[in-house]
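The values are calculated or read from the model by the stated rules, or taken from the named source; none is laboratory data. This is a predicted model, so every value here is computed, not measured. In this analysis, Cβ positions are derived from the backbone assuming ideal geometry, glycine residues included, and neighbour counts consider all displayed protein chains. Quick note on the areas: whole protein, heavy atoms, side chains included, nothing else; ligands and nucleic acids left out. Shrake-Rupley method; radii C 1.70, N 1.55, O 1.52, S 1.80 Å.
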Amino acid sequence: STISKNSLKTSLLQLECHFTWTLLKQHVGLEALEETIVDHIKFVKEFNITDYNILSYVCHLKNSNEEALRNLKKAEEAVQKQYPGEIARRSLVTWGNYAWIYYHMQRYEEAQTYVSKVENSCKKLSSTAHGKIQLPEIYAEQGWASLRFGCHYYERAKNCFEKALKSEPDNPDFNAGYAIAMYRLEILADRYCEETRSCLEILKRAVELNPKNTTLLALLSLQLQRLKRSDEGERYIEEALQITPDFPVFLRYAANFYRKKGEVEKAVKILKKALALTPKSVFLHHQLGLCYRFKILQLKKTRYTPQEEVENLIQLAIFHLKTVIDKKPTFISAHSDLANTYALCERYEEAEEIFQEVLQRNNLCCGEKQEIYFNYGNFQQYHMNSESEAIKYYIEGLKMEKDSYGRRKCREAVEKLLKQKIEGRLGDATAIGTLGLIHNLDGEKQKAIECYEKAIALDPNNEEYRNALFELQLSI
């Protein structure tokens, strides 16, 4: 019998699985994500069900449905090993993914079989459910998938783990996911200069429930470092190094800790060890690139710069950062890092090319765009010696009103530049007028009015300043 495609589609949309959680591929580098998950499976023996499920979805997004089915089979095997007593309950997401993949392969009979499997299991598990069922582990699975798909999904991940924890407040896995989501949200809030409650207690609780989870130990230490409690943090890093000396995810955080502490040699050593274990990891390449760039800047400050050593470090930094942007084009700050490294060694055309490519993208979030404007403004100011271009791009960053780290940097840079011009030239109407614009963009109306009045006194025929002043006076 032929199954009606429409009724099948309706049933499919009722399922709780990766295909109905709207995880969009434009928010991730698929290649990098696939490598991250494969590495994770290799080094983490438990919780592979979650990994195989998301890997099957990533394979589907890469148009390899056969590969997707192979990973679902592995997820099923993991369920049988881990939860032999609750196979149906633990397989709902996997079966939902099966149904969707068969549907995309136009194998509608098989798709329907899996839809029915889910629906029947849900009926047995809960008298009211119809393919949709509110199970804590399904919320958690959506939470882990959301964390994997990047910063657009952190808020959702947090909500998923909160829902899961309502049913099982002491579940170690749910607490781990919740802590990671909260940690990442705090990092994100920092970027947007938003107030947020510290995740320190949440991390401590997760570590209590997962004393051997070195990822959590490392995040706890990084959090303590951010709170200027570095010595306390380092004890956790050292403890974790004893537990998992060869776990790359942990090593990457440990290296990050030492780099931020200024112990760059130690960081490089740890990163090289981790890279030998997972040679494709984007994060490791990025961290190494940053370490080498830091060393270049240090050497350039010394009195007799050893040219050969600098050249060598430049090659290394460029190699690692290039690897990052090739594998993960959505990693915006890595583009700035690479462009800035090219600028350091006077390869200006290559720097310009990277900046232009990113400036022309239209899918960046506000903070990313402001950071790019700030970095490009710096490039114009310090490498191209064009103050007017620099000012133009800093102002572009300010015109986007959402507060962020990048916006604040633009504001500092442009104000400093304009004040230098004004003091140096005994008042230049353009500089004073532009400073008026800066104050205006930041809602400092009184200061803006003063600047425009000064600018008009110096340049009485300037229509732009007259209009701006008129508008401001009307708005007060």
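Note on the stretch 189-340: semi-axes of the ellipsoid equivalent to its C-alpha gyration tensor, largest first and rounded to whole Å, are 28, 17, 17. Most tightly packed first, judged by the mean number of other beta-carbon atoms within 10 Å of their residues, the peptides 52-65, 220-233, 271-284 read 52-65, 271-284, 220-233. Gain on full extension, evaluated as 0.36 nm per residue between R70 and K445 minus their Cα-Cα distance, stands at 128.7 nm. Using the Cβ-Cβ distance between E31 and Q307 with R0 set to 45 Å, the FRET efficiency from 1/(1 + (r/R0)^6) comes to roughly 0.80.
Based on Cα contacts under 8 Å between residues 6+ apart, the stretch 304-405 shows a relative contact order of 20 percent. Once you sort the root eigenvalues of the Cα gyration tensor of the stretch 425-475 as a ≥ b ≥ c, which label holds: rounded (a/c under 1.5), prolate (a/b larger than b/c) or oblate (the other case)? It is oblate, given that a/c is not under 1.5 and a/b is not larger than b/c.
Restricting the GluC sites (Glu not before Pro) of the stretch 378-476 to loop positions (DSSP other than H, G, I, E, B) with no more than 11 neighbouring Cβ atoms within 10 Å leaves E401. Relative to the longest principal axis of the Cα atoms of the chain, the long axis of helix 5-14 makes an angle of roughly 70 degrees.
Among the lysines of the stretch 5-129, pairs that are 8 or more positions apart or on different chains and have alpha carbons within less than 22 Å of each other number 19.
Note on the stretch 141-240: Cα-Cα pairs beyond 20 Å make up 36% of the total pair count.
Overall, the anisotropy analysis places the stretch 265-363 in the oblate class: the square-rooted eigenvalues a ≥ b ≥ c of its C-alpha gyration tensor yield a/c not less than 1.5, with a/b not exceeding b/c. In percent, rounded to a whole number, the relative contact order of the chain is 9, using alpha-carbon pairs under 8 Å and six or more apart. State the Cα centre-to-centre distance between the stretch 171-191 and the stretch 340-381 in whole Å. Computed from Cα coordinates, the inter-centre distance equals 30 Å.
For the chain, the longest principal axis of the alpha carbon atoms and the long axis of helix 214-226 meet at an angle near 20°. Which residues does the label zone of K62 cover in the stretch 320-335, counting backbone N under 16 Å from a point 7 Å along Cα→Cβ? Hits in the stretch 320-335 for K62 at 16 Å: 326-330. Among 10-19, 185-194, sorting by the average number of other beta carbon atoms lying within 10 angstrom of each residue, highest first, gives 10-19, 185-194.
Size descriptor for the stretch 381-476, Kirkwood hydrodynamic radius: 13.7 Å (Cα pairs only, one decimal). Surface exposure of the chain, expressed per residue as accessible area with a 1.4 Å probe, stands at 49 Å².
Counting only residues at least eight positions apart within a chain, or on another chain, the aspartates and glutamates with an alpha carbon under 20 Å from that of K163 are E16, E137, E141, E155, D173, E186, E201.
With all protein chains in place and a 1.4 Å probe, the accessible surface of the chain carries 50 percent carbon and sulfur.
Judged by the mean number of other Cβ atoms found within 10 Å, the most tightly packed of the peptides 22-31, 294-303 leads the ranking 22-31, 294-303.
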